[in-house]
Amino acid sequence: MSTANDPTNIVDFGSHQDPRNERVGNLLERVCDTASEQLKTLGNGMFERVDDALFDLAEKAENNAVQTQYFDGMREVRKKRALVERRFLECIRQNLSDMATGRQPPQADMTPAAAAHGELSLVGDSELEESLAIASMTSKAQGRLARPLYAVNQRLSVICGGNKITDAGNPIGPGMLCSAFRTAMRELDVETRVKLIIYKLFDRYVMAGLDTLYDTLNTALAQAGVLPRLRHEVPGQRPGTAPPRGQVGSNAIAAEDAASTDQ
């Protein structure tokens, strides 16, 4: 994937902040750079396996027409891989910029249950299949990563001046990452069956690696003084584990800095 330092992908978070909050801009830039670098690595691992996966399926195809679709998909991915990778990272950086400036982020596509009840009845079958794949990946990852994702949400809320960050509205949460990848996949002119194979690989090699990303971000932000004592339990799972009221606000970073210094 293209590097996070590519000038075409740089977002100046600090330019949208009060000059007194330069540290906030620096923290957001650190989040963006860390996410971009780790997702770039995970994406590389995924794309290195796409060619082999499509070739194996082509060899096992039930007829020539299906085999041709897989071979055409291989050629298309080889040709546009860099474009898809770049578009994916651009979407993530733009979503982070929108969050930093308070613009309403796009929400994750849809749950499998909502799709199954016909809420996507006005779109074609291929769009429905993609939406179901995205919703399934998102739901599985959010359930598996509930604790570290909750901590990331809380810390991003602090950085953004107390604006509540939810799973669905977190630019580096599973839902918006899947949506960003779906946007990037629109660069490929391939059959739906090929797209679904790529989504499966995205789930296996990118979504499965989000543990490391969230752990890295939580550690880095805690060390930088953003809710350093926050526990990673989701409210409702264990009593008393939510951040204290008043700590998710514009003064939370300074308050937590002071608290950690006093320990």
So, first residue over 28 Å from residue 209 (Cβ atoms) in segment 44-70, second residue among the charged types (D, E, K, R) and at pLDDT 95 or above, Cβ within less than 6 Å, six or more apart or across chains; the pairs are 69/191
Filter segment 205-234 for residues that are within 14 Å of the chain's Cα centre (by Cα) and either basic (Lys, Arg) or open to solvent by less than 10 Å² (accessible area, probe 1.4 Å) (or both) and give the result.
206, 207, 210, 213, 214, 217
Output the number of residues of segment 96-143 satisfying the condition of being closer than 18 Å to residue 203 by Cβ and at pLDDT below 60.
6
Any chance you could count how many residues in segment 25-41 are under 17 Å from residue 88 (Cβ atoms) and either among the polar types (S, T, N, Q) or open to solvent by less than 10 Å² (accessible area, probe 1.4 Å) (or both)?
8
Let me confirm something: among 188, 196, which residue is modelled with pLDDT of 95 or more, open to solvent by 30 Å² or more (accessible area, probe 1.4 Å), within 17 Å of residue 133 (Cβ to Cβ) and out of contact with any Ser or Thr (no Cβ under 8 Å at 6 or more places or on another chain)?
196
Kindly indicate which of 81, 75 is buried (at least 17 other Cβ atoms within 10 Å of the Cβ), part of a helix (DSSP H, G or I) and not hydroxyl-bearing (Ser, Thr, Tyr).
81
Tell me, please, whether a residue that is over 27 Å from residue 61 (Cβ atoms) and without any contact (Cβ under 8 Å) to a residue 24 or more places away in the chain can be found in segment 180-196.
no
For residue 177, are the conditions met, namely being modelled with pLDDT of 95 or more and open to solvent by less than 60 Å² (accessible area, probe 1.4 Å)?
yes
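The values are calculated or read from the model by the stated rules, or taken from the named source; none is laboratory data. What you see is a predicted model, and the numbers here were worked out from it, not measured in a lab. All Cβ positions, glycine included, derive from the backbone under ideal geometry; neighbour counts span all protein chains shown. Keep in mind that these areas ignore ligands, DNA and RNA; they rest on the heavy atoms of the full protein, side chains included. Shrake-Rupley method; radii C 1.70, N 1.55, O 1.52, S 1.80 Å.
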